[in-house]
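> Before I ask anything, here is the structure I am working with.
The values are calculated or read from the model by the stated rules, or taken from the named source; none is laboratory data. Since this is a predicted model, take the numbers as computed values, not measurements. Cβ: placed from backbone, ideal geometry, glycine included. Neighbour counts: every protein chain shown. What goes into the accessible areas is simple: the full protein's heavy atoms, side chains included, and nothing from ligands, DNA or RNA. Shrake-Rupley method; radii C 1.70, N 1.55, O 1.52, S 1.80 Å.
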Amino acid sequence: MTVTLPREDIVRLCERIEGAQTRAYSIPKLTDEFPDMTIADGYAVQSELRRRFIAQGHRLVGWKAGLTSKAKMEQMGVSVPSIGFLTDRMARPENSVISTSDLVHPRVECEVAFVTSQELSGPDVTAADVIAATDYVLPAIEVIDSRFTGFKFDLESVIADNGSSARFVGGGRARRPADLDLRTLGVVLELNGEMVAMGASAAVLGNPAEAVAMLVHTLHELGEKLPAGSFVMSGGITEAIAVRAGDQVIARYQDLGSVSIRFAE
Ligand code: OOG
Ligand code: MG
């Protein structure tokens with residue numbers, strides 16, 4: 001991956017993203033100003049954002065894969081998966097109330113999350129390696145919130161915006177991966193009691209463990225490893241659904257229980 005933008009542009013773009021994330025306002029996608037920006041430039045901005053958050057005392061708790069299902073790729077008009085980082089400040093407990101005033105235009109999506117017990121690294125990690133290094137899997141809801149106007153972006157911009165990461169909630173029943181077929185886990189997403197999306201986990205690259213392997217490969221390209229004890233989200237199974245204050249969301253998973261959250265101002 002080749003970074004093309006000078007360091008001062010990376011820092012300037014990072015400050016733009018950081019402002020939009022922390023104060024919840026939308027900005028034009030970065031490629032409007034930098035049409036030749038590369039994927040590597042996007043990751044350089046994201047890495048700078050991670051460095052700043054950690055310097056401010058945020059704790060890195062894991063990583064997320066994004067755009068790993070056809071439903072998500074079609075919805076967002078992007079055909080290559082991406083990764084982003086997760087911090088303690090983004091984590092919310094199950095059944096919690098999530099404030100919409102801290103977010104621009106939140107959407108929810110259902111994901112299978114992995115908790116690892118061994119370090120994973122390198123370009124050759126396979127889905128089987130991921131499963132062997134996984135302590136348990138659990139159901140999750142990710143609340144994504146693109147900082148770009150109209151929730152419209154390209155891959156370079158969304159990577160810089162840390163894959164639209166905003167909040168995440170793990171819950172339900174944690175299970176050992178060996179006791180499940182990770183490809184055939186069904187999920188139904190309900191918004192205010194009505195089913196609004198459904199799917200099966202194979203929608204995520206054939207097996208969500210493949211998404212985690214992809215994530216480790218991308219980390220390798222960035223010179224990073226996935227430490228033991230990481231919380232990893234494998235990517236939305238269905239398209240993401242817009243939410244607003246007053247909404248109640250439940251993701252019901254086969255074999256993994258359900259996860260609920262509410263939204264308020
Ligand atoms: C990018 C983030 C994608 C997923 O699960 O696919 C993502 C976006 O759609 O805003 O988190
Ligand atoms: Mg996601």
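> May I ask you to compute the full-extension gain from Asp255 to Thr22, defined as 0.36 nm times their residue separation minus their alpha-carbon distance, rounded to one decimal in nm?
Extra length from Asp255 to Thr22 when fully extended: 80.2 nm.
> Follow-up question, since we're still on this one. Per the Kirkwood formula on distinct C-alpha pairs, the Rh of the range 178-228 is how many angstrom? Walk me through the numbers before you get to the answer.
Values: mean 1/r = 0.0771 Å⁻¹.
The Cα-based Kirkwood calculation yields 13.0 Å.
> Can you find, among Val158, Ala113, Phe168, the residue sitting farthest towards the positive end of the charge dipole of the range 83-181, where Lys and Arg contribute +1 and Asp and Glu -1 at Cβ?
So the residue we want is Phe168.
> In the chain, what is the count of Lys pairs whose alpha carbons are under 25 Å apart, counting only pairs at least 8 residues apart or on separate chains?
Lysine pair count for the chain: 9.
> Hey, another quick one. Taking amide H positions as placed in the peptide plane 1.01 Å from N, state which residues far from Phe168 in sequence (5 or more) or on other chains have amide H under 5 Å from it.
Long-range HN contacts for Phe168: Ala91, Arg92, Val143.
> Could you calculate, for the range 137-223, the ratio of the Cα radius of gyration to the Kirkwood radius, expressed as Rg to Rh?
1.00
> Another question, if that's okay. With θ set to phi - 60° and the Karplus curve 6.51 cos²θ - 1.76 cosθ + 1.60, what are the ³J(HN,Hα) couplings of the range 9-15 in order, to the nearest whole Hz, using x for Gly and Pro?
6, 4, 5, 5, 5, 4, 5
> Would you compute, from DSSP H runs of 4+ residues alone, the mean residue ellipticity of the chain at 222 nm, taking -39500 (n - 2.57) per run and dividing by the full residue count, rounded to the nearest 500?
Helices in the chain give a 222 nm mean residue ellipticity of -7500 deg cm²/dmol.
> Further question on the same structure: On the first, second and third principal axes, largest extent first, how far apart are the outermost C-alpha atoms of the range 44-158 in Å?
Largest to smallest, the principal-axis extents are 40, 33, 32 Å.
> Run through all the Cα pairs of the range 7-264 and give the fraction in each 10 Å bin from 0, expressed as whole percent.
All Cα pairs, binned at 10 Å, distribute as 8, 34, 39, 18, 2 percent.
> Just report the Cα centroid separation between the range 1-20 and the range 192-265, whole Å.
27 Å
> Just tell me the longest site-free run in the chain, where the sites are trypsin sites (Lys or Arg not before Pro) in a DSSP loop having at most 14 other beta-carbon atoms within 10 Å.
Values: sites that count: Arg59, Lys152, Arg173, Lys225, Arg244.
With trypsin sites (Lys or Arg not before Pro) excluded where exposed in loops, the chain gives 60-151 as its longest stretch.
> Right, next: Counting only heavy atoms of the protein chains, get the accessible area per residue of the range 50-109 (1.4 Å probe) and round it to a whole Å² value.
Numbers: 2610 Å² over 60 residues.
With the other protein chains kept in place, the range 50-109 gives 44 Å² per residue.
> Under the 0.36 nm per residue contour assumption, what length would be gained going from the current alpha-carbon distance of Tyr136 and Ser96 to full extension?
Roughly 12.2 nm would be gained on extension.
> If you don't mind, there's one more thing I want to ask. How big is the range 219-265 on each of its three principal axes, counting only the C-alpha atoms and giving the largest first in Å?
Rounded to whole Å, the extents work out to 42, 29, 21 Å.
> Dividing the alpha-carbon Rg of the range 1-92 by 2.2 N^0.38 Å yields what?
This ratio for the range 1-92 stands at 1.14.
> Still on this structure, I have one more. For the pair Glu265 and Lys225, what calculated FRET efficiency results from E = 1/(1 + (r/R0)^6), where r is the Cβ-Cβ distance and R0 = 45 Å, to the nearest 0.05?
Approximately 0.65, to the nearest 0.05.
> Can you tell me the length gained on complete extension of the stretch Met195 to Glu74, counting 0.36 nm per residue apart and subtracting the Cα distance?
41.5 nm
> Also, I was wondering about something else. Which value, in debye to the nearest 20, describes the size of the charge dipole of the range 95-169 about its Cα centre when Lys and Arg Cβ atoms bear +1, Asp and Glu Cβ atoms bear -1, and nothing else is charged?
Dipole of the range 95-169, to the nearest 20 debye: 340 debye.
> At a 1.4 Å probe, what is the % contribution of carbon and sulfur to the accessible area of the range 17-145?
50 percent
> Can you give the FRET efficiency for Ala245 and Arg89, using 1/(1 + (r/R0)^6), R0 = 25 Å, r = Cβ-Cβ distance, to the nearest 0.05?
It comes to 0.75.
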